[in-house]
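The values are calculated or read from the model by the stated rules, or taken from the named source; none is laboratory data. This structure is a prediction, so every number in the text was calculated from the model and none was measured. All Cβ positions, glycine included, derive from the backbone under ideal geometry; neighbour counts span all protein chains shown.
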Amino acid sequence: MRLCKPIGVILIAVSLVVAFGLAVGCEPSPSISTTESKTSLQVSEYPADISGHVIITDILKARDKSDTLELTPLEGKVFWIVDIVVKNTAYENSVKASYKDWAIVDGDNVYEVPTPFGNISTSSEMSVPVGESGETTFRFSVPSTLKLHGAELRYQGQEPYSYGKLTGGDMVAVYDWDLKTAIVEQEKPKEYPIETYVIYEGVFTGSYTKNLKTIESWTGKWWSNFRV
């Protein structure tokens, strides 16, 4: 005699199997999780990764041919010496240290690199092809009120432009442009006391005394410790 199971029981069993199969099929595959998908799609925001470290000064010491000059900015401004690090990730042409290609941006305000003064350059040489990294140093003239946290570095030599973070912001007395060295304190000139000297004019006019302030010491061949 054939025994038949109730139809209702068979339908319930089939439904459970189908539901279990759908639940298993809807589980996200470990190889394409949401987190990993976002990570794999992340790329550099700009064609070049750039950043700069800032040193602020009122006096820039630099050589122009055979002379050493001390440059000062216009009233109400300061020099920002920016050490720049560049990684060219996507620009077809090399990223170079041309003074026209770089700027500091603060909102709608753009402060570009000044044109070279005499034989004093505004940057050190650099040329970075795609896939390579490089470094350079620029000097900017910016308002003394400019705050570091609101400013960005911008490379504008190719489109689209690249932007980067600025750090540092230490103030130094003097920056030596040729040595790329910050001088924290300016050396003060030596002070000499006011002393009395005998001034000899000639055989017939005689001599007299006068108070003079020594400004420099000198030792000559015929006179020792003669100060003028």
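Taken over the stretch 138-155, the residue count meeting the criterion of being in a strand (DSSP E or B) and hydroxyl-bearing (Ser, Thr, Tyr) is 2.
Can you name the residue in the stretch 133-151 that is buried (at least 17 other Cβ atoms within 10 Å of the Cβ) and β-branched (Val, Ile, Thr) and, of all such residues, is nearest to the chain's Cα centre (by Cα)? Residue satisfying both the conditions and the ranking: 137. Regarding residue 135, is this residue assigned to a loop (DSSP other than H, G, I, E, B), at pLDDT 95 or above and assigned by TED's automatic domain parsing to the domain that holds residue 74? So residue 135 fails the test.
Among residues of the stretch 159-177 being charged (D, E, K, R) and surrounded by 11 or more Cβ atoms within 10 Å (Cβ to Cβ), the one that is farthest from residue 95 (Cα to Cα) is 170. Does residue 172 satisfy being under 14 Å from residue 81 (Cα atoms), without any contact (Cβ under 8 Å) to a residue 40 or more places away in the chain, assigned by TED's automatic domain parsing to the domain that holds residue 83 and not charged (D, E, K, R)? Here the answer is no, as residue 172 does not meet what is asked. Just one residue in the set 17, 43 is at pLDDT 50 or above, among the β-branched types (Val, Ile, Thr) and more than 30 Å from residue 175 (Cβ to Cβ); that residue is 43. Residue check: residue 99 meets all listed conditions (1) at pLDDT 95 or above; (2) within 15 Å of residue 141 (Cβ to Cβ); (3) of a type outside the set (Gly, Ala, Ser) but one, namely (1). Restricted to the stretch 65-100, and to residues that are of a type in the set (Asp, Glu) and touching a strand residue (DSSP E or B) at 6+ places or on another chain (Cβ under 6 Å), which residue is surrounded by the fewest Cβ atoms within 10 Å (Cβ to Cβ)? Among residues in the stretch 65-100 that are of a type in the set (Asp, Glu) and touching a strand residue (DSSP E or B) at 6+ places or on another chain (Cβ under 6 Å), the one surrounded by the fewest Cβ atoms within 10 Å (Cβ to Cβ) is 70. Taking the numbered list (1) of a type outside the set (A, V, I, L, M, F, W, C); (2) at pLDDT below 95; (3) under 25 Å from residue 73 (Cα atoms); (4) surrounded by 13 or more Cβ atoms within 10 Å (Cβ to Cβ) in turn, residue 154 passes all entries but (2).
Of all residues in the stretch 110-132, those that are assigned to a strand (DSSP E or B) and surrounded by 13 or more Cβ atoms within 10 Å (Cβ to Cβ) total 7.
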